[in-house]
1. With 10 angstrom as the radius, rank 49, 93 by how many other C-beta atoms surround their C-beta, starting from the fewest.
2. For the range 25-150, go through all pairs of different Cα atoms, get the mean of 1/r, take its inverse, and jot down that Kirkwood value in Å.
3. Listing 24, 128 from the residue with the fewest other Cβ atoms within 10 Å to the one with the most, what is the order?
4. Starting from 0.36 nm per residue, how many nanometres of slack lie between residue 69 and residue 100 once their C-alpha separation is accounted for?
5. For a footprinting-style exposure proxy, rank 140, 59, 76 by other Cβ within 10 Å, fewest first.
6. At 0.36 nm per residue, minus the direct Cα-Cα distance, what do residue 132 and residue 152 gain on full extension? Give it in nm, one decimal, please.
7. If contacts are Cα pairs under 8 angstrom and at least 6 residues apart, what is the relative contact order of the range 49-121 in percent?
8. Measure out, as a whole number of angstrom, how far apart the alpha-carbon centroids of the range 36-55 and the range 117-155 sit.
């Protein structure tokens, strides 16, 4: 038993050393979608990305919340249309209970209004199921680094809205009006406009 405890201590010491020298831990992702085919496709795509680990799967919003509390993933990828608790409510309760866990929405909806609601609910990323594999991977990599990401098609639709929001802002805000905006700036502006309203 002492030998086993000693081996356990050595493993813990090695893990601590690995952390101390800057090795990165895998990004643990919880997938939440009520369609098995979608989850299967997501797993196949994300397993091709170095440093990604799928730690669990949920088929309802309530199950996503319960699993998130139990597993404490780094990122939860949520569908919006799920039984028991929709993705917006699931995002809200997950972020409230686990502020260190990021949330990304993966949905069929290419809608500015729905994107606003998702961002207001605590999601940091918003991509659609019809986006390319490369855009999904880019979104996951951005959100796992705590940087916002919005699908390029939605970002284009929101350019006029961003210009309107920026025109209303006082001189001390982050960007002058009239520029083209990155996805991160679009998300930041949307979040701030929702907070003001």
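Here, each number is a calculation from the coordinates, and none is a lab measurement. Nothing here was measured: the structure is a model prediction, and the numbers come from that model. Note that we place each Cβ from the backbone using ideal geometry, even for glycine, and neighbour counts take in every protein chain shown.
1. Values: 49 14, 93 18.
Starting with the residue having the fewest Cβ neighbours, the order is 49, 93.
2. Details: mean 1/r = 0.0722 Å⁻¹.
Taking the inverse mean of 1/r over all distinct Cα pairs, the range 25-150 comes out at 13.9 Å.
3. Working: 24 9, 128 18.
Ordered by Cβ neighbours within 10 Å, fewest first: 24, 128.
4. 10.0 nm
5. Working: 140 25, 59 18, 76 30.
Exposure proxy ranking, most exposed first: 59, 140, 76.
6. Numbers: separation 20, 0.36 × 20 = 7.20 nm, distance 1.04 nm.
Stretched fully, the residue 132-residue 152 segment lengthens by 6.2 nm.
7. On the way: 85 pairs, mean separation 22.3, N = 73.
Dividing the mean separation by the residue count of the range 49-121 yields 30 percent.
8. Here the two parts' Cα centres lie 16 Å apart.
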